[in-house]
Amino acid sequence: MPNDTANRANHKAIETVELSKRFGEFTAVDKVSFAVERGEIFGFLGPNGAGKTTTMRMLMGLIKPSSGSATVLGFDVAKETDAVRRRIGYMSQRFSLYNDLTVDENLNFFGGAYDVRGERLATQKEAILEMAGLKGREREQAKNLSGGWRQRLALGCALLHEPEMLFLDEPTAGVDPISRRQFWNLLYQISNEGRTIFVTTHYMDEAEHCHRLSFIQRGRLVALGTPEAIKREKMHGQVLEIDCSAPDVAIQTLRAAGDLGEVALYGALVHVVAEDVADKKPAIEEALAEAGLELRSAEVIVPSLEDVFVASARETS
């Protein structure tokens, strides 16, 4: 047994080889292969329906693959599901808490669910309350906590049994930017302690801070690597960022003008992606002026991950 434990410890946190899942004639995940190193924060990105949740459910042993293989912490997800589940923690985008229970009662409940009791439970609760900044709020009902506090409590519940790995499904959805930043500070702390984190997110600023990430589109991986490597290898062309009045009208105008590049809304700004985009700047300014739009600025910028993923999605559409 010691040799077996040592051998499994030498495995990567996650390894998949042509992992696939089909539902009837529909292929939700199509021959996905990637590896996650132990102790890293790995981002798994993609639009709704791309296959993120299905992939995560296979990795957690909740559904069996149709073909291919995957191991988590050295255990086969299809054949050793109980061993996988004992060693992982999970937090969903919908806070998995009981609203009418207090902070302390939620921790006690999840402690029982994970078979964490007695002195171990007391020690874990103390550490989690300290980590989450919830000391002194033990008797407050979960429903009365703000989104950020509820989020930290849910993370604490997922950590009660001291899992080697965390699966986080859109953990910061609907949470304000300050609370999101505080939450990610906790994730860095957990990662520095040696735990592996597999996280799905729609926030590109969060993806920038993952050690490595992948992008899935229509069930297939279209990008894999560090954020900087993905931007370097997958971004074709330059980005012109435009600040103008009525950006929704500007997008329609620039798309109608033709041959100016890919045009997309980026918050309140407009991004145009094209080879030698600076050469197209005069034509872009002219089209906006003819449409009666005020142009405040138009500058070539370093592409963001969102620019890369928009381009990747369009290439595979």
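The values are calculated or read from the model by the stated rules, or taken from the named source; none is laboratory data. Bear in mind the structure is a predicted one, so any value in this text is a computation, not a measurement. Counting neighbours? That spans all protein chains shown, and the Cβs are built from the backbone with ideal geometry, glycine included.
Could you tell me which residue of region 1-13 is modelled with the lowest pLDDT, considering only residues that are outside any loop (DSSP other than H, G, I, E, B) and over 19 Å from Met60 (Cα atoms)?
Pro2
Given the conditions (1) closer than 30 Å to Gly49 by Cα; (2) surrounded by fewer than 17 Cβ atoms within 10 Å (Cβ to Cβ); (3) modelled with pLDDT of 95 or more, which single one is not true for Leu166?
Leu166 satisfies all of (1) closer than 30 Å to Gly49 by Cα; (2) surrounded by fewer than 17 Cβ atoms within 10 Å (Cβ to Cβ); (3) modelled with pLDDT of 95 or more except (2).
Name the residues in region 235-256 that are within 14 Å of Phe309 (Cβ to Cβ) and either loosely packed, with under 15 Cβ neighbours inside 10 Å or within 19 Å of the chain's Cα centre (by Cα) (or both), would you?
His236
With (1) crowded, with 18+ Cβ neighbours inside 10 Å; (2) free of Cβ contacts under 8 Å to residues at least 60 places away in the same chain; (3) at negative phi; (4) among the small types (Gly, Ala, Ser) as the list, and Ala223 as the residue in question, which single condition is left unmet?
So the condition that Ala223 fails would be (2).
Does Arg255 count as among the charged types (D, E, K, R) and in contact with a strand residue (DSSP E or B) (Cβ under 7 Å, 6 or more places away or on another chain)?
Yes, satisfied.
Any residue at all in region 167-179 that is farther than 24 Å from Phe42 by Cβ, hydrophobic (A, V, I, L, M, F, W, C), touching a residue at least 40 places away in the same chain (Cβ under 8 Å) and not in a helix (DSSP H, G or I)? Full working, then the answer.
Taking region 167-179 first, the residues farther than 24 Å from Phe42 by Cβ are 176, 178.
Of the ones still in play, those that are also hydrophobic (A, V, I, L, M, F, W, C) are 178.
Still in the list and also touching a residue at least 40 places away in the same chain (Cβ under 8 Å): none.
Checked region 167-179: no residue is farther than 24 Å from Phe42 by Cβ, hydrophobic (A, V, I, L, M, F, W, C), touching a residue at least 40 places away in the same chain (Cβ under 8 Å) and not in a helix (DSSP H, G or I).
Suppose we filter Ile216, Ile178 for residues that are surrounded by fewer than 19 Cβ atoms within 10 Å (Cβ to Cβ) and either touching a strand residue (DSSP E or B) at 6+ places or on another chain (Cβ under 9 Å) or among the hydrophobic types (A, V, I, L, M, F, W, C) (or both); which single one remains?
Step by step, each of Ile216, Ile178 is checked, and only Ile178 is surrounded by fewer than 19 Cβ atoms within 10 Å (Cβ to Cβ) and either touching a strand residue (DSSP E or B) at 6+ places or on another chain (Cβ under 9 Å) or among the hydrophobic types (A, V, I, L, M, F, W, C) (or both).
Residues are listed down the side, and each one gets a yes or a no for (1) assigned by TED's automatic domain parsing to the domain that holds Phe44; (2) out of contact with any Lys or Arg (no Cβ under 7 Å at 6 or more places or on another chain); (3) of a type in the set (A, V, I, L, M, F, W, C); (4) free of Cβ contacts under 8 Å to residues at least 40 places away in the same chain:
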{"position": "Asp243", "(1), (2), (3), (4)": "no, no, no, no"}
{"position": "Gly261", "(1), (2), (3), (4)": "no, no, no, yes"}
{"position": "Ala264", "(1), (2), (3), (4)": "no, yes, yes, no"}
{"position": "Val270", "(1), (2), (3), (4)": "no, yes, yes, yes"}
{"position": "Glu275", "(1), (2), (3), (4)": "no, yes, no, yes"}
{"position": "Asp279", "(1), (2), (3), (4)": "no, yes, no, yes"}
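Is it fair to say Ile197 is at pLDDT 95 or above, assigned by TED's automatic domain parsing to the domain that holds Glu15, outside any loop (DSSP other than H, G, I, E, B) and farther than 22 Å from Asn99 by Cβ? Write out each step before concluding.
On the way: at pLDDT 95 or above: yes; assigned by TED's automatic domain parsing to the domain that holds Glu15: yes; outside any loop (DSSP other than H, G, I, E, B): yes; farther than 22 Å from Asn99 by Cβ: yes.
It is true that Ile197 is at pLDDT 95 or above, assigned by TED's automatic domain parsing to the domain that holds Glu15, outside any loop (DSSP other than H, G, I, E, B) and farther than 22 Å from Asn99 by Cβ.
Go through region 14-70 and tell me which strands (runs of 3 or more DSSP E), entirely inside it, have 1 or more residues that are assigned by TED's automatic domain parsing to the domain that holds Glu206 and free of Cβ contacts under 8 Å to residues at least 12 places away in the same chain.
Once the strands (runs of 3 or more DSSP E) in region 14-70 are filtered for at least 1 residues that are assigned by TED's automatic domain parsing to the domain that holds Glu206 and free of Cβ contacts under 8 Å to residues at least 12 places away in the same chain, what remains is 14-23, 26-36.
Name, by its number, the condition in (1) buried (at least 18 other Cβ atoms within 10 Å of the Cβ); (2) in contact with a Lys or Arg (Cβ under 7 Å, 6 or more places away or on another chain) that does not hold for Gly51.
Checking Gly51 against (1) buried (at least 18 other Cβ atoms within 10 Å of the Cβ); (2) in contact with a Lys or Arg (Cβ under 7 Å, 6 or more places away or on another chain), the one that fails is (2).
Counting only residues that are part of a helix (DSSP H, G or I) and not hydrophobic (A, V, I, L, M, F, W, C), how many does region 135-150 have?
Residues meeting the conditions: 5.
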